[in-house]
1. Among the numbered criteria (1) surrounded by 15 or more Cβ atoms within 10 Å (Cβ to Cβ); (2) within 11 Å of another protein chain (Cβ to nearest Cβ), which one does A:A25 miss?
2. Every residue in the range A:28-56 that is among the basic types (K, R) and within 12 Å of chain B (Cβ to nearest Cβ), please.
3. Of all residues in the range A:1-27, how many are assigned to a helix (DSSP H, G or I) and more than 17 Å from A:P45 (Cα to Cα)?
4. Kindly check whether there is at least one residue in the range B:32-49 that is touching a residue at least 40 places away in the same chain (Cβ under 8 Å) and either assigned to a loop (DSSP other than H, G, I, E, B) or out of contact with any His (no Cβ under 8 Å at 6 or more places or on another chain) (or both).
5. For the range A:1-13: of the residues being more than 9 Å from the chain's Cα centre (by Cα) and without any contact (Cβ under 8 Å) to a residue 60 or more places away in the chain, which is most open to solvent (accessible area, probe 1.4 Å)?
6. Would you mind telling me which numbered condition in (1) open to solvent by 50 Å² or more (accessible area, probe 1.4 Å); (2) under 11 Å from the mean Cα position of the chain (by Cα); (3) more than 10 Å from DNA strand C (Cβ to nearest atom) A:K16 fails?
7. Of the residues that sit in the range A:57-68 and are surrounded by fewer than 19 Cβ atoms within 10 Å (Cβ to Cβ) and more than 11 Å from chain B (Cβ to nearest Cβ), which one is farthest from B:L49 (Cα to Cα)?
Number of protein chains: 2
Amino acid sequence: MSVIAVINHIREIRRKKGITQIKMAEDLQVTRQTMNAIEKNKYNPSLELALKIIAYFEMPIEQVFILEEEDDE
Amino acid sequence: MSVIAVINHIREIRRKKGITQIKMAEDLQVTRQTMNAIEKNKYNPSLELALKIIAYFEMPIEQVFILEEEDDE
DNA sequence: AAACAACGTAAAGATATCTTTACATATAGT
DNA sequence: ACTATATGTAAAGATATCTTTACGTTGTTT
């Protein structure tokens, strides 16, 4: 069996930009728990939040979110 | 008040490509009711489904999904 | 050591996304 | 008129996304 999953590089990008989870959550108008859960891949952001994130980072979506094919997970 | 909303151009793109809702739903492994609801902007796709859709169309995300700022809706 | 900032996490509840089943409408072809 | 294909829609239920509240850990600074 194979499973499709989305992973993200938010944490690395955020840190590279020197932004805290708290500030980013405030800027994007979500709670820091939400940002934390998304960074730790506990669940995916909604499309709306994902679009806000790539706009916030000013980066193409492929550099932030990856649609991955995994095996047996 | 202002509201952020995501709209999409899936229907136009799909028709331009001559694909039916039914075939697209099968190819993307969702129900046609889901594709119908998304096309009619009843709700947004998940990020995972959105990424599958732009891969399916082979188009950049900005040409399919638009993050819009609306007034008082 | 005490204080502070950033991050981790958990549980309960609200709303959004998606499936299944079912029925209905519209259009085209025979 | 009948059949087939594509699309619209609704209701019930499952799971995902996100908030609120709350408490815990880690590292840094004074």
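1. The one condition A:A25 does not meet is (2).
2. The one that is among the basic types (K, R) and within 12 Å of chain B (Cβ to nearest Cβ): A:K52.
3. 3
4. Within the range B:32-49 (the criterion being touching a residue at least 40 places away in the same chain (Cβ under 8 Å) and either assigned to a loop (DSSP other than H, G, I, E, B) or out of contact with any His (no Cβ under 8 Å at 6 or more places or on another chain) (or both)), the answer is no, since none of the residues qualifies.
5. Across the range A:1-13, the extreme among qualifying residues is A:E12.
6. (2)
7. Per the criteria, the residue is A:E58.
The values are calculated or read from the model by the stated rules, or taken from the named source; none is laboratory data. Here the structure is a predicted model, which is why all the values come from computation and not from measurement. So basically every Cβ, Gly included, is an ideal-geometry build from the backbone, and we count neighbours across all protein chains shown. Ligands, DNA and RNA are stripped out before the accessible areas are found, and what is left, the full protein with its side chains, is counted by its heavy atoms. Shrake-Rupley method; radii C 1.70, N 1.55, O 1.52, S 1.80 Å.
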